[in-house]
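Enquirer: Dumping the structure here so I can ask a few things about it.
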Amino acid sequence: MKLRQTLAENPALKWLLVWGAVIVAVVIAIRVFAKKPTPVAKPTGITTSDQHGSEPVGGIDLTIINPAPVTGGPSGSSSGGTTSSGGSSGGTPVPNPAPTPQKPPIAVQAPVYVSVGTWTPINPPWNSYLAGIAGHYGLTLSQLLAFGENAKYRAHPNLIHPGDKVRVK
């Protein structure tokens with residue numbers, strides 16, 4: 001009863017208690033619903049065997065089990081068991097040449113278009129004029145007009161209409 005009377009006499013104290021409760025509720029909600037980071041799985045089974053043990057190598061199991069010797073020539077030669085190079089069929093292993101690195105395929109991106117928005121004098125949106133569209137995508141106006149699809153705007157770059165499609169990439 002005394003608390004009600006104190007709160008009725010001092011409305012600022014009432015609002016202080018209300019806002020304190022709101023802040024506590026927000027802090028609890030943030031802690032409960034905060035996104036926890038997902039653990040990243042480490043690759044397993046990625047080793048290469050040598051005389052000193054195993055050592056991780058990126059992405060592939062390179063363990064070699066009973067390698068077959070590489071000979072100096074074809075094994076089924078008709079010259080009495082000798083190869084075309086004059087050596088025997090059980091010759092010295094020849095190391096494999098290093099693989100040549102291949103270029104990654106070139107990704108072809110589909111063109112990206114922006115729809116022109118309605119211009120308002122109070123708050124013109126970035127997509128209501130060509131310079132705004134170019135700046136939004138990190139281009140200059142001349143780079144934007146260089147696209148073939150935007151050729152109709154080259155003569156009059158300020159003459160665009162809401163709903164027009166402008167290529168940006």
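The values are calculated or read from the model by the stated rules, or taken from the named source; none is laboratory data. No experiment lies behind these values; they were computed from the predicted model shown. Quick reminder, even Gly has a Cβ in these numbers, built from the backbone with ideal geometry, and neighbours come from all protein chains shown.
Enquirer: Please go through the range 112-169 and pick out each residue that is of a type in the set (D, E, K, R) and either surrounded by 14 or more Cβ atoms within 10 Å (Cβ to Cβ) or in contact with a Phe, Trp or Tyr (Cβ under 6 Å, 6 or more places away or on another chain) (or both).
Expert: ASP164, LYS165, ARG167
Enquirer: Exactly one condition in (1) more than 28 Å from the chain's Cα centre (by Cα); (2) at pLDDT below 80 is not met by ARG154; state its number.
Expert: (2)
Enquirer: Still on this structure, please answer the following. Given the criteria exposed (fewer than 12 other Cβ atoms within 10 Å of the Cβ) and modelled with pLDDT under 85, does PRO74 qualify?
Expert: Spelling it out, PRO74 is indeed exposed (fewer than 12 other Cβ atoms within 10 Å of the Cβ) and modelled with pLDDT under 85.
Enquirer: Only one of (1) within 19 Å of HIS161 (Cα to Cα); (2) out of contact with any Ser or Thr (no Cβ under 6 Å at 6 or more places or on another chain) is not met by GLY117, so which one is it?
Expert: Only one criterion is unmet by GLY117, namely (2).
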